[in-house]
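Structure record follows, encoded as structure tokens.
The values are calculated or read from the model by the stated rules, or taken from the named source; none is laboratory data. Keep in mind that what you see is a predicted model, and the values were worked out from it rather than measured. Using ideal geometry, Cβ is built from the backbone for each residue, glycine included, and neighbour counts are taken over all protein chains shown. In case anyone asks, the SASA skips ligands and DNA or RNA and just uses the protein heavy atoms, side chains included. Shrake-Rupley method; radii C 1.70, N 1.55, O 1.52, S 1.80 Å.
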Amino acid sequence: MSLAAALSLLFGAAFAAATLLPAQSESILVWLISTHQYPPEWLFAAATAGNVLGAWVNWWLGKYAAHFKHRKWFPVNEQSYSRAEKFFQKYGRWSLLLSWVPFIGDPITLAAGALGVRAGEFLLWVTLAKGGRYAVLWAAAEGFFS
């Protein structure tokens with residue numbers, strides 16, 4: 001597989017994994033690192049960029065969806081929305097450091113947009129969280145497959 005194909009595959013998987021779509025990118029990153037055919041720093045960059053961009057899509061969806069929170073068809077009831085607001089008031093932007101965690105990370109990024117977390121703050125915390133996760137995987141893969 002060419003470098004461009006490997007990076008595209010990893011970017012796409014990481015992007016999808018960060019949205020509400022069911023996808024997984026960690027095993028692809030570890031597999032590509034284990035082949036020793038591609039620069040791991042490029043793989044890290046592609047995975048991180050794709051994952052952060054996917055989270056950014058969630059943020060925008062949350063930001064847009066919040067305009068409709070008082071409509072009957074809105075998918076989140078008033079009580080759940082209020083709980084999310086209280087969570088963000090209590091834990092603030094720190095909760096975005098959990099954006100990499102399976103099952104809870106995607107809703108956190110969606111809620112961040114809906115609850116008005118500023119774009120710059122969002123990108124900073126999410127990049128640290130998601131990049132940190134991929135850095136740990138990179139280090140583990142290098143140690144295991146070297």
Checklist entry - Out of all the residues in region 51-64, is one or more hydroxyl-bearing (Ser, Thr, Tyr) and open to solvent by less than 20 Å² (accessible area, probe 1.4 Å)? => result no
Next on the checklist: Looking at (1) open to solvent by 20 Å² or more (accessible area, probe 1.4 Å); (2) of a type outside the set (Val, Ile, Thr); (3) under 20 Å from Ala135 (Cα atoms); (4) in a helix (DSSP H, G or I), which one does Leu32 not meet, given that it meets all the others?
Outcome noted: (1)
Checklist entry - So Ala119 fits all but one of (1) open to solvent by 50 Å² or more (accessible area, probe 1.4 Å); (2) more than 17 Å from Ala47 (Cα to Cα); what number is the exception? => result (1)
Checklist entry - Looking at Ala46, is it among the aliphatic types (A, V, I, L, M), in contact (Cβ under 8 Å) with a residue 24 or more places away in the chain and surrounded by 13 or more Cβ atoms within 10 Å (Cβ to Cβ)? => result yes
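Can you tell me which residue in region 8-29 is farthest from Trp138 (Cα to Cα), limited to those that are open to solvent by 70 Å² or more (accessible area, probe 1.4 Å) and of a type outside the set (A, V, I, L, M)?
If we take residues in region 8-29 being open to solvent by 70 Å² or more (accessible area, probe 1.4 Å) and of a type outside the set (A, V, I, L, M), then Pro22 is farthest from Trp138 (Cα to Cα).
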Item to check | helices (runs of 4 or more DSSP H) fully within region 57-146 counting 1 or more residues that are in contact (Cβ under 8 Å) with a residue 40 or more places away in the chain and of a type outside the set (D, E, K, R) | outcome: 105-114, 119-145
Item to check | Filter pass, Ala46 being under 20 Å from the mean Cα position of the chain (by Cα), outside any helix (DSSP H, G or I) and of a type in the set (A, V, I, L, M) | outcome: no
